1. Going by the structure shown, is residue 75 touching a helix residue (DSSP H, G or I) at 6+ places or on another chain (Cβ under 9 Å) and closer than 22 Å to residue 113 by Cβ?
2. Do you know which residues across region 124-143 are open to solvent by 30 Å² or more (accessible area, probe 1.4 Å), assigned to a loop (DSSP other than H, G, I, E, B) and out of contact with any Lys or Arg (no Cβ under 9 Å at 6 or more places or on another chain)?
3. Answer yes or no: is there a residue in region 105-112 that is hydroxyl-bearing (Ser, Thr, Tyr), open to solvent by 70 Å² or more (accessible area, probe 1.4 Å) and closer than 28 Å to residue 22 by Cα.
4. Anything in region 1-34 that is open to solvent by 70 Å² or more (accessible area, probe 1.4 Å), of a type outside the set (D, E, K, R) and without any contact (Cβ under 8 Å) to a residue 12 or more places away in the chain? List them, or say none.
5. Name the residues in region 81-130 that are farther than 23 Å from residue 71 by Cα and hydrophobic (A, V, I, L, M, F, W, C), would you?
Amino acid sequence: MSPEIAREVQITFDCADPLRLAGFWAEALGYQMQAPPGGFASWEQALAAMNIPEERWNDANAVVDPKGAGPRVFFQRVPEGKAAKNRVHLDVRAAPGLSGEERMAALEVEATRLVGLGATRVSRREPAPPLEAGHIVMTDPEDNEFCLD
């Protein structure tokens, strides 16, 4: 494959409850739950038709950008819990084009909304121009770190 060809990226989360975490991230990103395969009205119907045991129906889930521009985000159940700080995290661009107090006010509004969906606020980093615009560190319902940027 030529190095000039861009590759699609999927972001994958290991987690305990794929359905719950997918629901959170769909709301956080303005995404939607991935539709079931063609010919099926629901994932339950599709999984039953595939003879997947009901206790495995929450082994995986995914959310997608309704405009088709952003990466698919996939959630897979794993037996182990989170052990350490994430080395890679998402920055949710909640205040693009804004600066100073206007930016931080927009981030605060979004932080409050996400806390209502199950996120936890960790800290706030104040703007320190010219390099630091300010951001809010948060965790999702399974303690994965992310920033409102």
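1. Here the answer is yes, as residue 75 does meet what is asked.
2. Result: 126, 129, 130, 131.
3. yes
4. Of everything in region 1-34, those that are open to solvent by 70 Å² or more (accessible area, probe 1.4 Å), of a type outside the set (D, E, K, R) and without any contact (Cβ under 8 Å) to a residue 12 or more places away in the chain turn out to be 1, 3, 5, 6.
5. 83, 84, 98, 104, 105, 106, 109, 115, 122, 128
The values are calculated or read from the model by the stated rules, or taken from the named source; none is laboratory data. It should be emphasised that the depicted structure is a prediction, and the values quoted were computed from it without experimental measurement. A quick note on method: Cβ atoms are made from the backbone with ideal geometry, for glycine too, and the neighbour counts reach across all protein chains shown. Keep in mind that these areas ignore ligands, DNA and RNA; they rest on the heavy atoms of the full protein, side chains included. Shrake-Rupley method; radii C 1.70, N 1.55, O 1.52, S 1.80 Å.
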